[in-house]
1. Over the chain, what is the percentage of antiparallel beta bridges among all DSSP beta bridges, to the nearest 5?
2. What FRET efficiency would be calculated for the residue pair residue 73, residue 1, taking the C-beta separation as r and a Förster radius of 22 Å, to the nearest 0.05?
3. How big is segment 2-82 along each principal axis, measuring the range of its Cα positions in Å and listing the largest first?
4. Ranked by Cβ crowding within 10 angstrom, fewest neighbours first, how are 66, 24 ordered?
5. Which FRET efficiency value, to the nearest 0.05, do you get for residue 66 and residue 23 by plugging their Cβ-Cβ distance into 1/(1 + (r/R0)^6) with R0 = 25 Å?
């Protein structure tokens, strides 16, 4: 199974989804789920250990805002968008 997670930030200074999403993705990758996290770059991202099933992609906030038009082309089984408190 391939899962795409989209989240605005995984910065250490934030709580909630910025911490829970990476932890969830790490555990899913350990179980063999192919995970891709798309987020914007931050000065202090949550540490994510290397795993062949987990890919971290950094995009600009502008690219994240226009990502929706490309989601139909994504070769994934599930898209999980974290969008709480984002402008």
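1. 5 percent
2. FRET efficiency, residue 73 to residue 1: 0.75.
3. Principal extents (largest minus smallest coordinate, Cα): 29, 29, 19 Å.
4. If I rank by nearby Cβ atoms, fewest first, I get 66, 24.
5. 0.35
No value in this document is a laboratory result; all are computed from the given coordinates. Everything numeric in this text was worked out from a predicted model, so none of it was measured. Neighbour counts are summed over all protein chains in view; Cβ atoms, including those assigned to glycine, are modelled from backbone coordinates with ideal geometry.
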